[in-house]
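Undergrad: What follows is a single structure, and I will ask about it in a moment.
None of the figures in this text is laboratory data; all of them are computed from the coordinates on show. Since the structure is predicted, the reported quantities are computational estimates derived from the model, not experimental observations. Glycine gets a Cβ as well: all are built from the backbone with ideal geometry, and neighbour counts include every protein chain shown.
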Number of protein chains: 2
Amino acid sequence: FWWLKAMIVGVVQKIIKLGQQDPRRVFHSFKVAIALTLVSLTYYITPLYDRFESAGMWAVLTVVVVFEYTVGATLGKGLNRGIATLLAGALAVGAHHLASLCGEKGKPIILGLSTFLAAATSTFSRFFPRIKQRYDYGAMIFILTFSLVSVSGYREDKIIEIAYERLTTIITAGVACVILSIFIFPVWAGEDLHNMVAHNLEMIASFLEGFGGEYFRSPEEGDNQVISEGKKPFLKEYRSVLNSKATEQSLANFASWEPGHGCFKFRHPWKQYLQIGTLNRQCAYLVEALNCCINSEIQVPYEFREKIHQTCTNMSIESGNALKELALAIKEMRQPCLADPPVESAKAAASDLKTILETAIIANSDLLTIMPAATVASLLVEIVHCTEKIAESV
Amino acid sequence: FWWLKAMIVGVVQKIIKLGQQDPRRVFHSFKVAIALTLVSLTYYITPLYDRFESAGMWAVLTVVVVFEYTVGATLGKGLNRGIATLLAGALAVGAHHLASLCGEKGKPIILGLSTFLAAATSTFSRFFPRIKQRYDYGAMIFILTFSLVSVSGYREDKIIEIAYERLTTIITAGVACVILSIFIFPVWAGEDLHNMVAHNLEMIASFLEGFGGEYFRSPEEGDNQVISEGKKPFLKEYRSVLNSKATEQSLANFASWEPGHGCFKFRHPWKQYLQIGTLNRQCAYLVEALNCCINSEIQVPYEFREKIHQTCTNMSIESGNALKELALAIKEMRQPCLADPPVESAKAAASDLKTILETAIIANSDLLTIMPAATVASLLVEIVHCTEKIAESV
C-alpha cells in the first residue's frame with residue numbers, strides 16, 4: 001500500500017499548502033461546520049420545534065446555501081433569500097386563494113398556469129444583466145418557493161401557517177449565518193477588493209522597476225540568452241492583472257452588500273476601485289506589449305540602445321515609483337501626495353527621450369524594437385497620471 | 001399615470017430587445033416553466049406518490065436548481081447532484097448506524113461530530129481550484145444531504161426507505177431536466193464556445209482591416225479631428241475579447257460534460273479552443289496598444305507616414321485576412337489551408353517595412369508614434385503564425 005500512503009501524503013501536503021496561503025479558509029470551513037452542527041443539533045434535541053416536521057430541514061438548507069466565504073456574499077444571499085421567499089410566498093398564497101374560487105376542477109388549471117407564468121417570467125428576468133449581477137439567487141428562490149407553496153398547498157389547508165413557519169425558520173437560520181460570518185473571523189469582500197487593487201498596482205510597478213534592467217542588459221551580461229523568467233518572478237506576476245476583471249467585479253458586488261466595517265464606511269465608493277482596476281488593466285495590456293519586446297527576436301544594436309538606456313530606464317522606474325506610491329496611498333487611505341514628484345520626473349524623462357530621438361543619427365540602426373518601449377513608457381505616464389486623479393478621490 | 005405607462009413601455013422594449021438578441025433565451029424560459037409545471041402537476045394530481053409527503057418538494061427543488069441554460073451545465077449539475085446525494089446518503093446512513101450502537105446518550109454526540117467533520121472537510125475541499133471548477137455544486141449537495149439525513153433520521157426509523165425514495169425522486173427529476181434540455185431546442189455550451197472563439201478572431205480581424213485606413217488618413221480628410229468611435233464599431237468591438245477568459249473557461253467546462261452532438265464528437269478537444277482563445281487575447285492586448293497609438297496626441301509628420309503607409313496597411317490587412325480565414329476554418333471545421341498566403345504576404349510586408357525603415361532618412365521626424373504600429377503589426381504576424389499552428393489541429 002505504498003502508493004496509497006504516497007497519495008495521502010500528497011493530499012495532506014496540498015491541504016496544508018492551501019491552508020497556509022490563506023488561513024481564513026480554514027476558519028471559514030470551521031465556521032460553516034459549527035453553524036451546521038448547531039442548527040442540526042438544535043432541531044434534533046429540543047422538542048421546541050416538534051410540531052414542524054420539516055422546519056429543521058429548512059434551517060439546514062438555508063445554512064448550507066447561504067453561508068458564503070465573504071460577509072458580503074452571505075449578506076447578499078441571505079437578503080435575497082428572505083425577500084424572495086416573502087414575495088413568492090405572498091404571491092403563491094394569493095394564487096391559491098384565486099384558484100380556490102374557481103372550484104375543484106378549475107383549481108389545478110389555475111395553479112398550473114400561475115406556476116408556468118411565474119417560472120417563465122422569473123427565468124427570463126435572470127437574463128437581464130443587472131438582475132443577473134445582484135438578484136440572480138433571489139429569482140431562483142422566488143421560483144422555488146412559489147412552486148413549492150403551490151404544490152404543497154393542495155394537501156394541507158393550513159397554507160398560511162406553513163408559509164409563516166417556513167419563513168421564520170429561514171429568517172432565523174439566515175440571521176444566524178450572517179451574525180456568525182460578521183462576528184467570528186469575518187472575511188470582508190471590501191477589504192479583499194481594497195487589497196487586491198493595491199496589490200495589482202504593485203505588481204505592475206515592480207514589473208516597471210525591473211523592466212529597465214532587463215531590457216537594457218549590456219551584451220557582456222549575455223544579451224542573446226533566453227531570459228529565465230523563472231528566476232525573475234516580476235516578469236510573470238503581472239499577468240494575473242490581465243484577467244482580474246471578473247474577480248474585481250464580483251468582489252465589488254459583494255462589497256456593496258456589506259455594512260460599514262473597519263475604516264470603510266457604509267456606501268464606500270466601491271465603484272472607484274473598479275475604475276482604478278480598469279485603468280490598471282489598461283496599463284497591464286501595455287506592459288504585456290512591452291514584455292513582447294523583451295522577448296522579441298529582433299534585437300537592437302548595442303550603440304543605439306546605450307543612447308536611450310538612461311532615459312527609458314528612468315521613465316520606467318519613475319512610473320513604477322509613482323504606482324507604488326499610489327498603491328501605498330490606497331492601502332493607507334490617504335491622499336497620494338508623494339506620487340506627484342515621480343510622475344513629474346517620468347514626464348520629464350519622456351520629453352528628454354523625445355529630443356534624444358529627434359537629434360539622434362540613426363540611419364543605420366534597426367528601429368523596430370526600440371521604439372515601442374519608449375512609446376509605451378510615455379503612454380504609461382499618461383495612465384499613471386490618470387490613475388492619480390482617481391486615487392485622489394479615495 | 002403617464003410615468004407608469006412610460007416605465008412599462010420601456011421594460012417591454014427591453015424585454016423584446018433581449019429576446020431578439022438571442023431567441024434561445026425565450027425558449028429556455030418556456031422550457032423551465034414547462035418542466036416545473038409538469039413536475040408540480042404530476043405530484044399534485046396523481047395519488048401515485050401520496051405516501052411520500054415531501055417527495056413532490058424534492059422534485060420541484062431539483063428542477064429549479066438543476067435546470068441551467070446550457071446542456072453541459074444541466075448535465076454537470078445533474079450528475080453532481082445525483083452522485084453527491086448517493087454518496088452523502090450512504091455515509092449518513094453509516095454514521096447513523098454507528099451512532100445507534102453508542103446508545104441513547106452517545107447518539108447526538110456522534111451525529112454532531114460526524115456532521116461537523118463532513119461539513120468542515122467538504123467546505124474546505126471547495127477551495128481547491130480543481131474541485132471548485134467542476135465539483136463545487138456536488139460538494140454543496142454533499143453537505144446538504146448528509147446533514148439532512150442526520151437530522152431527519154432521529155425521528156423516523158425508516159431512514160433507508162426515506163433515503164431511497166428521495167434519491168429516486170431526485171434522479172427522476174434530474175433525468176427529466178436533462179432530457180428536456182437535450183431534446184427540445186438544446187443550447188450546447190460547446191457550440192457556443194466554438195462560435196465565440198471564431199467570432200473573437202473575426203473581431204480582431206475586422207479591427208486590423210480597418211486599422212490601416214484609420215491610422216493613415218491623409219490630412220485633407222481631417223487629420224486632427226477626434227475619431228468618432230461611435231461611427232466605427234470595429235474600433236471598439238474587439239474590447240470584449242480582452243475580458244473573454246472567464247466566459248470561455250466556464251463554457252469549456254460545461255462543454256466537457258456534454259455528449260457528442262452535431263459535428264462535435266464526445267471528448268472533442270475543447271482545451272484547444274482555450275489555447276486559441278489565449279493566443280487571441282494576446283493579440284487583443286497588442287491591438288489595444290495599437291489603439292492607443294491611434295488616439296495618441298503625438299502625431300507623426302505626414303511625409304513620413306506616407307512612406308510607410310502602404311506596407312503597414314498591407315501588413316494589417318493581410319493579418320486580418322489570415323485571421324478571418326482561420327475563423328472561417330474553425331467555423332467549418334476544416335484545415336485552414338487558405339490562411340497561408342495572407343500570412344506569407346504579411347510577413348513579406350513586414351520585411352519590406354524593415355528595409356524601408358533602414359534606408360529612410362528620418363532625421364527630422366518624430367518617431368515616437370509610427371514605430372509601435374510597425375512593431376505591433378510584426379508581432380501580430382508572429383501570433384497569427386502561432387494561431388495557425390493550433391488551428392491546424394482542429
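Undergrad: Considering region A:125-155 alone, what residues qualify as being at the interface with another protein chain (Cβ under 9 Å from one of its Cβ atoms), surrounded by fewer than 21 Cβ atoms within 10 Å (Cβ to Cβ) and under 18 Å from A:L86 (Cα atoms)?
TA: A:M140
Undergrad: Sticking with this one: Filter region A:87-124 down to residues that are closer than 16 Å to B:V11 by Cβ and surrounded by 19 or more Cβ atoms within 10 Å (Cβ to Cβ), then give me how many there are.
TA: The total comes to 3.
Undergrad: Name the residue, out of A:L111, A:L148, A:L79, that is within 24 Å of the chain's Cα centre (by Cα), farther than 24 Å from B:T70 by Cα and of a type in the set (A, V, I, L, M, F, W, C).
TA: So the residue among A:L111, A:L148, A:L79 that is within 24 Å of the chain's Cα centre (by Cα), farther than 24 Å from B:T70 by Cα and of a type in the set (A, V, I, L, M, F, W, C) is A:L79.
Undergrad: Here is a further query. Considering every residue within region B:166-181, establish whether at least one is within 9 Å of chain A (Cβ to nearest Cβ) and out of contact with any helix residue (DSSP H, G or I) (no Cβ under 8 Å at 6 or more places or on another chain).
TA: no
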